[in-house]
Every structure is written in structure tokens, then in C-alpha cells.
Amino acid sequence: MNKTFAVPRGTSDILPDTVLLWEALEFLARKVCKSYGYKEVRTPIFEDTNLFKRSLGTTTDIVNKQLLELASSKEDQEEGYALRPEGTAAVVRSYIENDLEKKEPLSKLFYIGPMFRGERPQKGRLRQFHQIGVEVLGPNAASPLLDAEVIALAMQLLRELGVKEPQLKINSLGSKEDKARISSWLRAEFAKHTDRLCPDCRARFERNVFRVLDCKNESCRKVVAQVVKDLPLSVPSQEYFKQVQAALKSVNIPFEVSPHLVRGLDYYTHTVFEITAAGLGSQDAVGAGGRYNGLVHELGGNPKVSYGAIGFALGIERILLSLGEVPIPPANINIFVMSMKEEYQPLAFLVLQLLRKSGISADMNFAGGSMKSQMGKADKSGARFALILGEEEVKNKSVAVKDMRQSTQETVALDKIVEHIKNVLPEE
Ligand code: HAM
């Protein structure tokens, strides 16, 4: 076969068998989120490019290198649109635009869907990937217990989805003022060691000095380890972070405090966290998140209100990678209808539709064929019963019902077939 077209690099088809796995995973994720009082929100997969620039930061890799902009969109917008690289910015936009603040004291939202980043593809790093994300927003959303709740939800989701021993790292970047002060301090400290920093970090140094902290380069790591033992947070920020840690301990969530964890998005303040899993190679973060108290104001929220906001996103593809081979439950139908002669095919179709309209899952072999080949197809379909329309049956306005597991067979009147099948099928 001449395969002229291929799926775009960094994306993949999710074929029917695997979709069953995704369905199960999404079902479970929705159940767990709802059990914590979170409600689902669905926003468009593209937004005003400026929304991402303003929220994620113009110096971040996601905005600088990975934003997939829609070339044809510039006619009606000065900046045009871009495919969403993540969900937080859109949820905050939606929160403000739809006045959710007036409808509920605290908005606890979750989303499941595709995100797009123009990255160089590698294992666990895709251009289209999927996230399960949650965001909590509200005038009263500045409690350390909410930080603990959000982290607890992320950990429970991962556990229930089957990720073994997810490792949690947390840190605090402090308030907006702390961040500005720490930025100057880091710049002054790293200035003494620029010759030991990698070219990337020398560039980051001016634009976003925090990113030097999580550079993977060996020499940069040595400088970081030497310079930064702890981030010098203000007393209230330290106090807040202590309360988050106490809350996590109180509900038995193990964590490691990592003063070098910063995350690649500008909007974070105070608590940031990352969860890794084994077996993923260099892209081992299955989820990450943090607080972003300033973003609602940044995107046009009421200046008189002091908002709190925190959330996370888990990468579905990375979760699946970490699970390895998972047995996929077969998606069997209950009934397979077959006709022994080409001319009975319309009757077979009629019976098929009768069953389906009564809520019984059923299929037929549209190509017809010999009894043997049709039986083979019935077997493959996994159907519990095969309905056979042979000469005798059609003459007597009946149908043969073959139990595929027990290899028994009985004849049932056509006008009683739905009732009969409902009686013999086990309860679902
Ligand atoms: P993020 O760290 O950029 O955060 O992404 C969260 C998770 O999405 C990652 O830990 C990873 O599992 C997955 N992920 C990210 N990029 C890729 C990729 N190219 N291929 C496969 N998986 C990927 C955010 O997106 C923030 N919006 C999280 C958040 C929500 N913070 C607050 N609220």
C-alpha cells in the first residue's frame, strides 16, 4: 500500500483498542475530581495569542519557541490565535469573562483535553498531548489547606490511575514581591559565576534568572548547589509554606522540599510542585502545578478583589507510559446477526435495528458469506449470542439463537426475539 500521508510528527492516532483505555482513565479521573467537589469546564482549543503571552510570560520557552500560532487568524485579530499550550490561562480567561466569581464563592474546576506545543518530539514529549487539569479560583482561595487539597487530589488521581510510587517535590517561590527580590539576589549571585554557566543560562540570566535553578547542565548544577541552599523568602511566605507542609503531613502525603524547583511558567507564586514517576526517562514529570495568585488581576480581574488561585495538570500520555502494558478489556457486543442467504440480508438488518432500538448492542456481517466464515466473524466479535436466519427459520418467521459460550441453540419466534434476548442476557 502506498502510504502517502503520515500523522504529523509529535502527534499520534489513538486507535479503538487504546481509546477503551483512555475512556476508562477519563471516567476514573472525572469520578475522582467530582468526589473532591470539582466541576468540569471546557474551553476552546485555541485562544487569543496575547492571552498566552500575557499569562505564561514572554520569556518562557513555551511562548518563545513552542506556541503554535494559526497563520490564517490574523485578519480579525492583531495578534491572531494560537493553539493552547496549556489550560490555566484559558480557564482564568473564562473565569473572568463569565463572572464566575459572582456565581460561586470558590470555583473548583477541572478539564481534560488536548494541548499543543511545538516541541522537538521525543519519548514523553509530544506536540499534541493531553492533560487532566484542575484550577481553583476565588476571592477566598488563599488558604494553605487548598494547596494541600490540590496536591492531595493530584496524588490520588495518579494512584487511582495506577501510577506506582509517584514522587512529589514541592517548593515556594514566595509572593510577587519576594520573587522580584529573589530575582535580583539570584542575578547578583550568579553574576559571580557566569563563566561556569552554560550559554542557555547566560541568556536566561537576564530574561528569567529562576530558570537557571533547574538547568540540567552539570556545571550549572554545581553553581546552583553552591549558591542556593534555600530561597530567601519573606517571613509571611515562609509561614505560608510551613502551613502547606504541615497540612500535607497531616494527611500522610510524603514530599521532598526542593529549593531548586521553579517550573517553566511565569505565573507561579508561592507553592510550586512537580510529580515524577519511574520508567519515563528524561521526561519524567507526570504532573506539575502551583499557585498563581496574581494571574486573575493580570488578565483583567476585579482590582478591588484579592484573588487566590492554584492548580495542576497531569500528562495523560506520560501516565500511560509509566503504566507500561495494560490489559485492555474487550469491547464486546452482545448479539451478532447472520443470514444464510444473500436475500435474507435485509431481514437480518431489520432484526439488527430492532435489537439496537431496544438498547441491545448488536452487529451483523454486511458482506454475507458461508456459515463457517460468518460463524468465525461472530466468534471474533465476542458476541454472547449469534442470531441465525436460515431457510427454515425465515419460512417459520423465527430465528435460531446460538449461545456462543455454551454452544447450545434454540429457535425463537421473530416477534418475541427482543423480549427473549432481554431475558437471557446477563444484567450489565
Ligand atoms: P506543565 O508543567 O507545563 O504545566 O505541564 C503539566 C504536565 O503536562 C507535565 O508534567 C507533563 O506530564 C505534561 N506535558 C507537558 N508538556 C508535554 C509534552 N510536550 N508532551 C507530553 N506531555 C507534556 C502546565 O501545563 C500548567 N498549566 C499546570 C498548572 C495548572 N499550573 C497551575 N494550574
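So in region 297-314, with the set limited to residues that are within 19 Å of residue 149 (Cα to Cα) and out of contact with any Pro (no Cβ under 7 Å at 6 or more places or on another chain), which one is farthest from the ligand (Cβ to nearest atom)?
Restricting to residues being within 19 Å of residue 149 (Cα to Cα) and out of contact with any Pro (no Cβ under 7 Å at 6 or more places or on another chain), the top hit is 308.
Can you find, within region 68-87, the residue that is nearest to the ligand (Cβ to nearest atom) among those that are open to solvent by less than 10 Å² (accessible area, probe 1.4 Å) and at pLDDT 95 or above?
86
Take region 198-211 and flag every residue that is open to solvent by less than 80 Å² (accessible area, probe 1.4 Å), within 25 Å of residue 270 (Cβ to Cβ) and in a helix (DSSP H, G or I).
201, 204, 205, 209, 210, 211
I need the full set of residues from region 212-234 which are part of a loop (DSSP other than H, G, I, E, B), within 33 Å of the chain's Cα centre (by Cα) and more than 15 Å from residue 183 (Cβ to Cβ), in order please.
Scanning region 212-234 gives 215, 216, 217, 230.
Quick grid of which residues meet (1) touching a Gly at 6+ places or on another chain (Cβ under 7 Å); (2) more than 20 Å from residue 267 (Cβ to Cβ); (3) not small (Gly, Ala, Ser):
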| site | (1), (2), (3) |
| --- | --- |
| 157 | no, yes, yes |
| 182 | yes, no, yes |
| 186 | no, no, yes |
| 189 | no, yes, yes |
| 193 | no, yes, yes |
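Could we say that residue 413 is among the small types (Gly, Ala, Ser), modelled with pLDDT of 95 or more and assigned by TED's automatic domain parsing to the domain that holds residue 349 here?
Yes.
Give the residues of region 314-325 that are surrounded by fewer than 16 Cβ atoms within 10 Å (Cβ to Cβ) and among the small types (Gly, Ala, Ser), sorted by residue number.
Of everything in region 314-325, just one residue is surrounded by fewer than 16 Cβ atoms within 10 Å (Cβ to Cβ) and among the small types (Gly, Ala, Ser), namely 324.
Does region 259-270 hold any residues that are over 17 Å from residue 240 (Cβ atoms) and away from the ligand (no atom under 12 Å from the Cβ), and which are they?
Passing the criteria: only 260.
Considering only residues that are out of contact with any helix residue (DSSP H, G or I) (no Cβ under 8 Å at 6 or more places or on another chain), near the ligand (Cβ under 6 Å from one of its atoms) and either within 17 Å of residue 82 (Cα to Cα) or hydroxyl-bearing (Ser, Thr, Tyr) (or both), which ones fall in region 113-132?
119
Looking only at region 191-214, decide whether some residue is among the basic types (Lys, Arg) and closer than 30 Å to residue 322 by Cβ.
Yes, region 191-214 contains a residue that is among the basic types (Lys, Arg) and closer than 30 Å to residue 322 by Cβ.
Only one of (1) over 24 Å from residue 22 (Cβ atoms); (2) touching a Gly at 6+ places or on another chain (Cβ under 7 Å) fails for residue 311. Which number is that?
Exception for residue 311: condition (1).
Between 195, 214, 230, which is free of Cβ contacts under 8 Å to residues at least 24 places away in the same chain and open to solvent by 20 Å² or more (accessible area, probe 1.4 Å)?
195
Mind checking which residues of region 271-290 are within 8 Å of the ligand (Cβ to nearest atom), part of a strand (DSSP E or B) and either in contact with a helix residue (DSSP H, G or I) (Cβ under 8 Å, 6 or more places away or on another chain) or small (Gly, Ala, Ser) (or both)?
Listed by number, the residues that qualify are 275, 285, 286, 287, 288, 289, 290.
Take the residues in region 16-67 that are open to solvent by 40 Å² or more (accessible area, probe 1.4 Å) and polar (S, T, N, Q); name whichever of them is farthest from residue 96 (Cα to Cα).
The qualifying residue farthest from residue 96 (Cα to Cα) is 18.
Inside region 154-172, can you point out the residues that are more than 17 Å from residue 324 (Cα to Cα) and over 16 Å from the mean Cα position of the chain (by Cα)?
Those that are more than 17 Å from residue 324 (Cα to Cα) and over 16 Å from the mean Cα position of the chain (by Cα): 167, 168, 169, 170, 171, 172.
Just give me the residues in region 156-167 being of a type outside the set (Gly, Ala, Ser) and surrounded by fewer than 20 Cβ atoms within 10 Å (Cβ to Cβ), in sequence order.
Passing the criteria: 156, 159, 160, 164, 165, 167.
Looking only at region 136-147, decide whether some residue is part of a loop (DSSP other than H, G, I, E, B), of a type in the set (Gly, Ala, Ser), buried (at least 21 other Cβ atoms within 10 Å of the Cβ) and over 14 Å from the mean Cα position of the chain (by Cα).
yes
The values are calculated or read from the model by the stated rules, or taken from the named source; none is laboratory data. Since we're looking at a predicted model, the values are computed, not measured. When we count neighbours, we look across all protein chains shown, and the Cβ atoms used for this are built from the backbone with ideal geometry, even at glycine. These accessible areas exclude ligands, DNA and RNA; they are computed on the full protein's heavy atoms, side chains included. Shrake-Rupley method; radii C 1.70, N 1.55, O 1.52, S 1.80 Å.
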